[in-house]
Amino acid sequence: MQLDKNTKIGWIGTGVMGASMVNHLHNAGYPCTIYTRTKSKAQSLIDQGLRWADSPGAVAAQSDVIFTIVGFPQDVREVYLGDGAIVDSCKEGSVLVDMTTTEPSLAVEIYQAARAKEVQSIDAPVSGGDVGAKSGALSIMVGGDEQAVNQVMPLLDLMGKNIVYQGPAGSGQHTKMCNQITIAGTMIGVCEALLYGHKAGLNLETMLSSIGGGAARCWTLENLAPRIINRNFDPGFYVEHFIKDMSIALKESELLGLSLPGLALVKQLYLTVKAQGHGKLGTQALTLALEKMNGA
């Protein structure tokens with residue numbers, strides 16, 4: 001397949017991140033067909049001229065490159081491997097790109113099913129949240145056959161600024177697990193720092209201006225700490241999705257014979273956040289559980 005502006009793009013999943021990501025492809029001139037479970041959530045895209053299809057299979061049947069970014073591993077399995085879904089419906093020579101964070105073993109299973117139909121499959125999970133999706137500055141971790149990755153690289157370039165090929169199928173997902181393990185530890189550090197600063201009577205904005213310029217500097221501190229201060233818990237990435245990611249990482253760690261107590265602790269704290277009714281908030285809502293524990 002040779003990419004040009006007649007290459008037909010299929011996109012499944014127009015949530016917090018997916019809507020912005022497919023919009024970059026549309027704005028670059030690629031004809032895009034979309035599907036998401038709740039059509040009303042895609043209405044703004046439809047109003048801009050993106051075509052609607054009634055199922056993942058219908059998207060796949062009329063597309064050359066099919067992207068997905070959905071919620072959970074069971075959603076990925078359903079849209080790819082269900083009867084009449086993507087793998088059943090896509091054309092020979094198509095390229096499938098799953099940008100959901102999901103199980104590495106599922107990425108390999110999809111790859112094998114696609115290859116049996118002479119279709120390429122790539123796992124390309126992303127990091128950067130709603131901010132990175134809107135600005136086209138995501139970090140994209142890519143696994144699959146390198147030739148297929150090179151074919152779709154111009155499309156990935158429209159969505160990300162740090163796109164790194166990691167290796168064979170499943171490697172992108174394993175890399176995303178490393179990313180989520182790092183974020184888990186970082187998030188609890190940022191939330192505890194803000195809680196400490198508040199209790200110590202510091203001006204939190206002033207405190208951040210100091211530590212944000214030193215060794216503590218990180219994306220979470222720059223992008224999510226101000227939201228916590230402003231009590232903005234809108235989702236750039238849902239609490240319930242982060243719990244899913246940590247569960248996958250802990251499951252994979254067990255298979256690898258690893259003990260990751262820090263990750264296990266943060267997962268338990270996020271389960272507390274969800275139990276408090278905040279599963280649909282952004283990951284910065286971790287602070288709500290810590291504040292409640294401390295009566296702050």
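The values are calculated or read from the model by the stated rules, or taken from the named source; none is laboratory data. Note that the coordinates shown come from a computational prediction; the quantities given were computed from them, not determined experimentally. We place every Cβ from the backbone using ideal geometry, glycine too, and count neighbours over all the protein chains shown.
All but one of (1) out of contact with any Gly (no Cβ under 9 Å at 6 or more places or on another chain); (2) under 26 Å from residue 115 (Cα atoms) hold for residue 142; which doesn't?
(1)
Go through the residues of the stretch 186-209 one by one and say whether even a single one is in the same structural domain as residue 229 (by TED's automatic domain parsing) and among the basic types (Lys, Arg).
Looking for residues that are in the same structural domain as residue 229 (by TED's automatic domain parsing) and among the basic types (Lys, Arg), one finds at least one in the stretch 186-209, hence yes.
Suppose the filter is assigned by TED's automatic domain parsing to the domain that holds residue 70, over 24 Å from residue 119 (Cα atoms) and in contact (Cβ under 8 Å) with a residue 24 or more places away in the chain; does residue 17 pass it?
yes
Residue by residue, here is whether (1) modelled with pLDDT of 95 or more; (2) within 19 Å of residue 189 (Cα to Cα); (3) in contact with a strand residue (DSSP E or B) (Cβ under 9 Å, 6 or more places away or on another chain); (4) not assigned by TED's automatic domain parsing to the domain that holds residue 225 holds:
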| residue | (1), (2), (3), (4) |
| --- | --- |
| 249 | yes, no, no, no |
| 253 | yes, no, no, no |
| 276 | yes, no, no, no |
| 280 | yes, no, yes, no |
| 286 | yes, yes, no, no |
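Going by the structure shown, is residue 68 within 24 Å of residue 241 (Cβ to Cβ) and either at pLDDT below 95 or among the hydroxyl-bearing types (Ser, Thr, Tyr) (or both)?
It is true that residue 68 is within 24 Å of residue 241 (Cβ to Cβ) and either at pLDDT below 95 or among the hydroxyl-bearing types (Ser, Thr, Tyr) (or both).
I need the full set of residues from the stretch 245-261 which are closer than 25 Å to residue 131 by Cβ and surrounded by fewer than 18 Cβ atoms within 10 Å (Cβ to Cβ), in order please.
Selection gives 247 alone.
Kindly indicate which of 71, 29 is assigned to a loop (DSSP other than H, G, I, E, B), surrounded by fewer than 16 Cβ atoms within 10 Å (Cβ to Cβ) and outside the structural domain of residue 238 (by TED's automatic domain parsing).
So the residue among 71, 29 that is assigned to a loop (DSSP other than H, G, I, E, B), surrounded by fewer than 16 Cβ atoms within 10 Å (Cβ to Cβ) and outside the structural domain of residue 238 (by TED's automatic domain parsing) is 29.
Conditions (1) touching a Leu at 6+ places or on another chain (Cβ under 7 Å); (2) surrounded by fewer than 18 Cβ atoms within 10 Å (Cβ to Cβ), marked per residue:
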{"residue": "17", "(1), (2)": "no, no"}
{"residue": "20", "(1), (2)": "no, no"}
{"residue": "24", "(1), (2)": "yes, no"}
{"residue": "39", "(1), (2)": "no, yes"}
{"residue": "42", "(1), (2)": "no, no"}
{"residue": "66", "(1), (2)": "yes, no"}
{"residue": "86", "(1), (2)": "yes, no"}
{"residue": "94", "(1), (2)": "no, no"}
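Looking only at the stretch 46-64, count how many residues are surrounded by fewer than 24 Cβ atoms within 10 Å (Cβ to Cβ), assigned to a helix (DSSP H, G or I) and touching a Ser or Thr at 6+ places or on another chain (Cβ under 9 Å).
Result for the stretch 46-64: 3.
Are any residues in the stretch 25-42 more than 17 Å from residue 98 (Cα to Cα) and either in contact (Cβ under 8 Å) with a residue 60 or more places away in the chain or among the charged types (D, E, K, R) (or both), and if so, which ones?
28, 30, 39, 41, listed by residue number.
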